[in-house]
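The structure appears below as structure tokens.
The values are calculated or read from the model by the stated rules, or taken from the named source; none is laboratory data. What you see is a predicted model, and the numbers here were worked out from it, not measured in a lab. Here the Cβ positions follow ideal geometry from the backbone for every residue, glycine too, while neighbour counts run over all protein chains shown.
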Amino acid sequence: ICVALDGADWFGSDYGSKGKSASFHAERALTATATLTANGSKFSFQSAELYSSDSTIYFEFTGYMGERQVYRVSGTTPQTDGNFRHQPNSESGTPVDRVVIKLTYPRPLVPISLGIDELVVTPCVFSQ
């Protein structure tokens, strides 16, 4: 799986569920994305571990097949008290070739850190 990070100054962190994670600091309201692809192969996106140093996490998982959006799952993860929290994808059985994970920080007055770790995907195998 390839992961492209955008919308914030992402950095690699040693703080994660099992080691490295991708994180960013938010000092203003912003939306950052992580785009998952598999070199044109189909996969299903199962879950991610999400992190916030001091805020509710507003997330969105959007799955695509080609240019067509096939699902959009959004919600909030309660404040994680500085830990990563498992966030399952309710559309995990739907095959995709791209997933965009969006994390939004709407509170511009309180600087925080947000992060993502443990992206779980499953390759799709089709029989003829």
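Tabulated results
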{"quantity": "Which listed residue, of Ala8, Ala34, is modelled with pLDDT of 85 or more and within 13 Å of Tyr51 (Cβ to Cβ)", "calculated": "Ala34"}
{"quantity": "Pairs, first among the small types (Gly, Ala, Ser) in region 67-92, second in a strand (DSSP E or B) and surrounded by 11 or more Cβ atoms within 10 Å (Cβ to Cβ), C-beta under 6 Å, six or more apart", "calculated": "Ser74/Glu60; Ser90/Val73; Ser92/Ser44; Ser92/Gln46"}
